[in-house]
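Taking it in order: structure first as structure tokens, then the write-up.
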Amino acid sequence: MGDWEVRLIGSDGLTEGETAGVVALLRALVAGGAALGWVEPPPAAEVRALLETLAAAVPSGDAAIALAVLPTDEVAGFGYWRRYGRPTHWHSADLEKLAVDPDRQGLGLGRTLVTTLIAAALRHRVEVLTLDLRGDNTRAAALYKKLGFHQYGRLDRFVAVGEARYDKLLYALDLRELRGPA
């Protein structure tokens, strides 16, 4: 284990310092070219609104937020899943973002964040956890495969970043297999 603590955010939500840390982390990663769904660093207000929406969904089990914090209280990583909104898909959730400080990548922090989110999904009776990623994100794809996710689809040249085009890879983890017989 590294010099961080990974914890799930409870019904109290994130503190102001944690929120500011997630905003700064996401903005810096996107500015450096990270594949997190934004082309330009997202406005702080947009990230704050996302975090408020997620935090409001945590008490009902419709979302889970994992945060990695250093002893200095600096945010080193962040991830979350959210249940699908349609009643026919409510039993499943999508791991929508996973972000790790570049200085801490390759040290197991991403793995710890994902396993923490998987454990939360199991507790909340999520049956299938899905995610998608940009096709050139080979380190993330390798991590998800090691954790049991399997690729079930690919959308060729689906993601546009300026003139560049990337495949979108679709992955799933069947939590019913991890949970065992009911």
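When region 7-163 is described by a simple charge dipole with +1 on each Lys and Arg Cβ and -1 on each Asp and Glu Cβ, the residue from A44, A141, A34 located farthest towards its positive end is A141.
Checking every one of the trypsin sites (Lys or Arg not before Pro) in region 64-163 against DSSP loop status and a limit of 12 other Cβ atoms within 10 Å picks out R125. When you filter the chymotrypsin sites (Phe, Trp or Tyr not before Pro) in region 74-182 for DSSP loop state and at most 16 other Cβ atoms inside 10 Å of their Cβ, you are left with Y84, W90. With a/c under 1.5 counting as rounded, go ahead and sort region 18-79 into rounded, prolate or oblate using the C-alpha gyration tensor (a ≥ b ≥ c being the square roots of the eigenvalues; past the cut-off, prolate if a/b is larger than b/c, else oblate). Cα axes put region 18-79 in the oblate bin.
Using C-alpha pairs under 8 Å with a sequence gap of at least 6, the mean separation divided by the residue count of the chain gives a relative contact order of 19 percent. For region 94-182, the list of GluC sites (Glu not before Pro) that fall in a loop by DSSP and count at most 11 other C-beta atoms within 10 angstrom reads E163.
Sorting 63-73, 6-16 by their mean Cβ neighbour count within 10 Å, with the most densely packed peptide first, gives 63-73, 6-16. Charge dipole of the chain (Cα centre as origin; +1 on each Lys and Arg Cβ, -1 on each Asp and Glu Cβ, all else neutral): 720 debye, rounded to the nearest 20. The alpha-carbon of K168 sits under 16 angstrom from the alpha-carbons of these lysines, leaving out residues fewer than 8 places away in its chain: K97, K145. Shape class of region 57-159 from the Cα gyration tensor (axes a ≥ b ≥ c, square roots of the eigenvalues): oblate, since a/c reaches 1.5 or more and a/b does not exceed b/c. In terms of the Cα gyration tensor, with a ≥ b ≥ c the square roots of its eigenvalues, is the chain rounded because a/c is under 1.5, prolate because a/b exceeds b/c, or oblate? Rounded. Per-atom-type breakdown for region 117-167 gives carbon and sulfur 48% of the accessible area (1.4 Å probe, protein chains only). Average accessible surface for region 12-110: 46 Å² per residue, computed with a 1.4 Å probe over protein heavy atoms with every protein chain in place.
The values are calculated or read from the model by the stated rules, or taken from the named source; none is laboratory data. Since the structure is predicted, the reported quantities are computational estimates derived from the model, not experimental observations. Please note: Cβ atoms are built from the backbone with ideal geometry, for glycine as well, and neighbour counts cover all protein chains shown. Areas reflect the complete protein model, heavy atoms only, side chains present, ligands, DNA and RNA absent. Shrake-Rupley method; radii C 1.70, N 1.55, O 1.52, S 1.80 Å.
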